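As structure tokens, the structure follows; a few thoughts come after it.
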Amino acid sequence: IYFLKFCLSHLSVFLMEWAFIMNRVSSQGSSAAQRRRMALGVVILLLVDVIWVASSELTSYIFKRQEYNKPFFSTFAKTSMFVLYLLGFLLWRPWRQQCTGTLKRRSSAFVSTQATLSLHGGSSEPLYVPVKFQDFPAEHSNCLTGDCKSSSKKHRVRFSNIMEVRQLPSTQALEAKISRMSYPAAKDHEAMLRTVGKLTITDVAKISFFFCFVWFLANLSYQEALSDVQVAIVNILSSTSGLFTLILAAIFPSNSTDRFTLSKLLAVALSMGGVALVSFSSMDDPDGKGVIGSLWSLAGAILYAVYIVMIKRRVDREDKLDIPMFFGFVGLFNLLLLWPGFLVLHYTGFEAFELPSQLVWTYILINGLIGTVLSEFLWLWGCFLTSSLIGTLALSLTIPLSIIADICMQKVRFSWLFFAGAVPVFLSFFIATLLCHYNNWDPVLVGLRRVYAFICRKHQGSQQCNNKEDIF
């Protein structure tokens, strides 16, 4: 009963937040289409939560019940399926145009229709032109050009008779053109406008090549953890990636907003306390796999935080990186470069290479296509329909859903330490998400300042009363 209350309370918090967002959208006079768009996005995100929990449970089932405990093989197979995203070069017209160079030529022709621009990214060299004051009377123009001795003394403002002219930089030419275009004309260039400012295919491939190793290691750690402990423990410990992201972003800031605040310190403290309790609850495992699984979960959370912080340093804006293309190249490089890992693990004895049975192959393919490829696409779609904040908050529902799945499907009984640690980790996930979304928000510092101001007012008021008593 306590567990059901715990899960229902967190589910109600999320639904209340959704209702608040819906009411806010409707109060601002949004149309019915916008409300349907928000509702569809929330439903898609809830579906993604169910898919991810089911995928984790299926992976745990393959490792433990089917006795095919091959985390590296599972990670390699599912990550390589991201290569299916590269079919977009056959089906998606803007990608094909980038390959043939058509879009690049159209963009260059589009920008060249502007006025004469500087060849460099910054402003051009200044050009000083004499000012012609033709709209002023003669006596005013004489005063403005400096000859105002005969004028009255009240004209004390003097203007320069030379104006500085700078040409529009080429980096702003397209925006200037778009601002003067009519809506039908802009729609004609819709495919080109969507790709303006995005990274080229070569740039995306370079970033994918670098980050495919970090992405693979983070997912391998998650798969290793699933082979040792329950899904609920893995998901709770893996949710601490947001806290590690806050810490790493403060150490290696990508912009001025990545600073460590008191609110982030509180979130880290809550998360670390919850992680300690959940880790202690997993020590009851007699074979000692609980501790190893907890360490694998934390390692995966740290690696995922490294991936997030480093990609933010490489790509300053989210809209510059084509996410499906990025994951497509990650799957391609994973398939081409990481297969020697089978030989290393086989001959070192860490994971003997063995092809799965037909049933296990079916499970892995279904898990990869739905739990990896389709779920990533649906999550991106849900974030597009709602917002990145709601999309990240929706991930927290995997914690209560995985607890319910473990209890109902695997008949797992968790100790009170587990639930005592799950609550602060769950809360810290919400806090970290909000703090990442509102970069300059520090509610703890604001609260402390208000308390300090209140105490000071009380202290000053008491001193004034004492002074009045002394006078009387």
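When the surface is traced with a 1.4 Å probe over the full set of protein chains, Val344 keeps roughly 90 Å² accessible. Thr245 exposes around 20 Å² of accessible area when a 1.4 Å probe is run over every protein chain in place. Taking amide H as placed 1.01 Å from N in the peptide plane, Met163 has its amide H under 5 Å from the amide H of Val129, Val131, each at least 5 places away in sequence or on another chain.
Given a Förster radius of 35 Å and the C-beta distance between Thr348 and Leu91 as r, what FRET efficiency does 1/(1 + (r/R0)^6) yield to the nearest 0.05?
Numbers: r = 42 Å, r/R0 = 1.19.
After rounding to 0.05, the efficiency reads 0.25.
Per-residue Karplus couplings for the stretch 336-341, computed as 6.51 cos²θ - 1.76 cosθ + 1.60 with θ equal to phi - 60°, are listed in order as 8, 10, 9, 5, x, x Hz, Gly and Pro entered as x.
By a 1.4 Å probe calculation restricted to protein chains, Leu401 has an accessible surface near 60 Å², given to the nearest 10. Less than 5 angstrom separates the built amide H of Asp228 from none of the residues sequence-distant by 5 or more or on a different chain. When you work out D = kT/(6 pi eta Rh) for the stretch 330-429 at 20 °C and 1.002 mPa s, using the Kirkwood radius from C-alpha pairs as Rh and the Stokes-Einstein form, the result is 123 µm²/s. This model, with +1 at the C-beta of Lys and Arg and -1 at the C-beta of Asp and Glu, gives the stretch 302-380 a dipole about its Cα centre of some 260 debye.
The values are calculated or read from the model by the stated rules, or taken from the named source; none is laboratory data. Everything quoted here is computed from the prediction, not taken from an experiment. Methodologically, a virtual Cβ is constructed for each residue, glycine included, from the backbone with ideal geometry; neighbour enumeration extends over all protein chains shown. Protein only, heavy atoms only, side chains kept; ligands, DNA and RNA dropped before computing areas. Shrake-Rupley method; radii C 1.70, N 1.55, O 1.52, S 1.80 Å.
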